[in-house]
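Bear in mind that the values in this text are calculations on the coordinates, not laboratory data. Not measured: the values here are computed from a predicted model. Every residue, glycine among them, receives a Cβ derived from its backbone with ideal geometry; neighbour counts consider all protein chains shown.
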Amino acid sequence: MQRVLADLLKVMTLERLEQNLFRGESRDIGSPQVFGGQVLGQALVAATATVDRRAVNSLHAYFLRRGDFDRPIVYEVDRARDGNHFSTRRVVAIQHGEQIFNMSASFQSPESGLDHQSVMPDVPAPEALPDLGSFYRAALDQVPPRMRRMLELERPFEFRPVRPPNDIHPQKMPPLKQVWFRAVDALPDDEDLHRCLLAYASDFNLLDTAPMPHGVSALQGKLIMASIDHAMWFHRSARADEWLLYSTDSPSSSGARGFARGSIFTRDGRLAASTGQEGLMRLVAP
């Protein structure tokens, strides 16, 4: 397994301190604070560890404070309810004695029922598209120094956008985006792990859709962006190490907040998950 992906699996393996208490470490991916997807994924790992034979079907989370790379994060799980078919968990992430994040998650026993879904967009195959990193490597000298490191670091997921990125020299465009993504190497056959890694990866490429109609981006140094909340619904099984299409749009931005939603499809067209996120989107002087 590639080193960077093996390291992510290490980060997603929490130390159990007590029956409902867990501790995790962080990684600096070049962002100003701990990556929100990491906290989201670790919180889901903690919640999943307290549930038997049920898979997560939805989660709703709020980001309250910046995470510190240099200190562990403690996750406290509240076993809110175990019913006949569903379990509910609440998770609080604590650092420096304060809540930095909280999440509610629902888990369901396997059931069959009525089945329909939206249709996957008709886009080129991932093999026909260049990796996202190739666009940024060619233009690193045009990115503010504080943002450059985030683009240079190796990632455990590869991303192949259907349309070239628009955030170094942004122009006003419709708030629609499709990106193929997958883990950079094969992963173990563990359904819970794949759902936790999907939660981790779902925080990439989502909120970035919201500034597109305005011709601004965080990479210019003119925009401050930070996640406020994140919601996710898991519809069907999917592997995080196989190509998945993340189709996102942004129906609204107002009040210095941007809203984006996404659909994650497997390569054969099954809708695996849906996401929604609101984030701070505040213009600043360069």
| Fewest first, what order do 116, 235 take by the number of other Cβ atoms within 10 Å? | 116, 235
| said: For a test of the definition: using alpha carbon positions, the gyration tensor, and the 1.5 limit on a/c, classify the stretch 13-169 as rounded, prolate or oblate. | reply: oblate
| Which shape class applies to the stretch 24-68: rounded if a/c is under 1.5, otherwise prolate when a/b exceeds b/c and oblate if not, where a ≥ b ≥ c are the square roots of the Cα gyration tensor eigenvalues? | prolate
| query | From the Cα gyration tensor of the stretch 76-140, with a ≥ b ≥ c the square roots of its eigenvalues, which class applies: rounded if a/c is under 1.5, or else prolate if a/b is larger than b/c, or else oblate? | reply | oblate
| Theoretical ellipticity at 222 nm over the chain - DSSP helices of four or more residues, -39500 (n - 2.57) apiece, nearest 500 | -4500 deg cm²/dmol
